[in-house]
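*Asks:* Attaching a single structure in structure tokens format; questions to follow.
The values are calculated or read from the model by the stated rules, or taken from the named source; none is laboratory data. Predicted model, so just to flag it, every value in this text is computed and none were measured. Reconstructed Cβ throughout: ideal geometry from the backbone, glycine too, with neighbour counts over all protein chains shown.
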């Protein structure tokens, strides 16, 4: 096991030996550091003109010695000291400063991001003797801008500060705070994060939708963070200081997962998961997880697994510590869950197998289309934003029992039903997967076989939930996807759903502007004008 981290180049053999001997020292756990050890570390640090750091566990054993430069030390990977949500790391860091300065911003950032028990700095006299020890720790339940507390400074003859007792008290308080937010057993507890350059109104609407997606995935939302920036940070998407605050908030509220509203690049995933010991997923992966839960047919499962692996493939270069959080998804669900921890070569092989299987699905759909064309049955395809009421409309029109729920992406697998008009004309009604703003490319590609059903439509039935305050943005999102699929030339009927939830004056204004047919999809008595319109278009 490696004992000393950092660059020992340029040091004499006896200096390296004395540094290695620090590893064998053990201290009383109630001391932040013993006076003798503080003296020896300070003298060595002054002699080599570099900072020296110690990672000390709660038993008082030194787990690592770190050699830095004159300005800083770099804490090594301590992922082996994984802790449960609401708990600290079990390690404290004590290191020297070459200048007579207390804890720096970098020190406090490491304290927060790594969830250390404590961070301590030894300042030195000009002769290399320890002068004072400054100590910082996380502050549970803090509502001010500083999520930590600095205590001291302490003189070297006053370092018996009841260190373990203090840490246990902090963890007890963190556990108490977490219990106040305790969720149902087995539920993920999420902090939702949006970092955007967009106007605040648009960003808030997108964040509200992210919360609905989380609810649809059976996740409890325990907090939101919305940060507007002039420019997105290429590494962490947000500033490192904000990432520190986010870590503290997650710790204080007992979060088990952080969900970003923006899609994270592979490098951003790696950078963030290197800093935060929580699962980190983005909007795309959240949608993929919902699809993984809802896929019932073999076709749906194939499409979802294909999308999961295509999303994961560029992210397989991440460290194992990050991958254990990334590949598990949100609770480790989905048909592809056992295949998400395999290496890149096997992922490529599996993707090829899935593409062949999806090719067979396309062929089967083509044969179905040929049969329908042979019978000459017109096709009406229901499209619309997720949770607009498409499945409910299908059920009401065709007396079917397709699953319909008041949640996003309740329906994933497409449904085909027959409808006979009063004039004894028979047609096919198809229900497709719901659209959403910024629909991930992986899903569009994976569900191409399903979305190709729309190419066969004689008429599109665009269901619009006019009771949703964001219905205008929903219309734009649907029309954008229809244009991307090059289906904008297919005749479309705008169906203004949930008219019973809108006052008459607002409803009339919307109806005239959108030139649509108003219905309440769950009330069959409101559907006759729609049926007449559909019949007239044939």
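*Asks:* Quick check on residue 215: is it surrounded by fewer than 16 Cβ atoms within 10 Å (Cβ to Cβ) and within 14 Å of the chain's Cα centre (by Cα)?
*Replies:* yes
*Asks:* Here are some conditions: (1) touching a residue at least 24 places away in the same chain (Cβ under 8 Å); (2) within 19 Å of residue 70 (Cβ to Cβ). Residue 33 meets all but one. Which one does it not meet?
*Replies:* (2)
Residues are listed down the side, and each one gets a yes or a no for (1) in contact (Cβ under 8 Å) with a residue 60 or more places away in the chain; (2) within 27 Å of residue 246 (Cα to Cα); (3) surrounded by fewer than 18 Cβ atoms within 10 Å (Cβ to Cβ):
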residue	(1), (2), (3)
65	yes, no, no
87	yes, yes, yes
90	no, yes, no
93	no, yes, no
100	no, no, yes
105	yes, yes, yes
116	no, yes, no
119	no, yes, no
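Okay, residues lined up against (1) modelled with pLDDT of 90 or more; (2) farther than 20 Å from residue 255 by Cα; (3) not assigned by TED's automatic domain parsing to the domain that holds residue 386:
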residue	(1), (2), (3)
194	yes, no, yes
197	yes, yes, yes
217	no, no, yes
227	yes, no, yes
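*Asks:* While we're looking at this one, here's another question. Among the residues of the range 507-529, count how many are free of Cβ contacts under 8 Å to residues at least 40 places away in the same chain and either part of a helix (DSSP H, G or I) or at positive phi (or both).
*Replies:* 10
*Asks:* For the range 187-217, give me each residue that is in contact (Cβ under 8 Å) with a residue 40 or more places away in the chain and not in a helix (DSSP H, G or I).
*Replies:* Within the range 187-217, 188, 189, 190, 191, 192, 193, 194, 195, 196, 217 meet the criteria.
*Asks:* With respect to residue 58, determine if the residue is surrounded by 21 or more Cβ atoms within 10 Å (Cβ to Cβ) and within 41 Å of the chain's Cα centre (by Cα).
*Replies:* So residue 58 fails the test.
*Asks:* Could you tell me which residue of the range 254-271 is farthest from residue 191 (Cα to Cα), considering only residues that are touching a helix residue (DSSP H, G or I) at 6+ places or on another chain (Cβ under 7 Å) and assigned to a helix (DSSP H, G or I)?
*Replies:* Here the answer is 266.
*Asks:* Every residue in the range 485-505 that is part of a helix (DSSP H, G or I) and surrounded by fewer than 12 Cβ atoms within 10 Å (Cβ to Cβ), please.
*Replies:* Scanning the range 485-505 gives 504, 505.
*Asks:* Would you confirm, using the coordinates I've provided, whether residue 132 is at pLDDT below 90 and assigned by TED's automatic domain parsing to the domain that holds residue 56?
*Replies:* Working: at pLDDT below 90: no; assigned by TED's automatic domain parsing to the domain that holds residue 56: yes.
The answer is no for residue 132.
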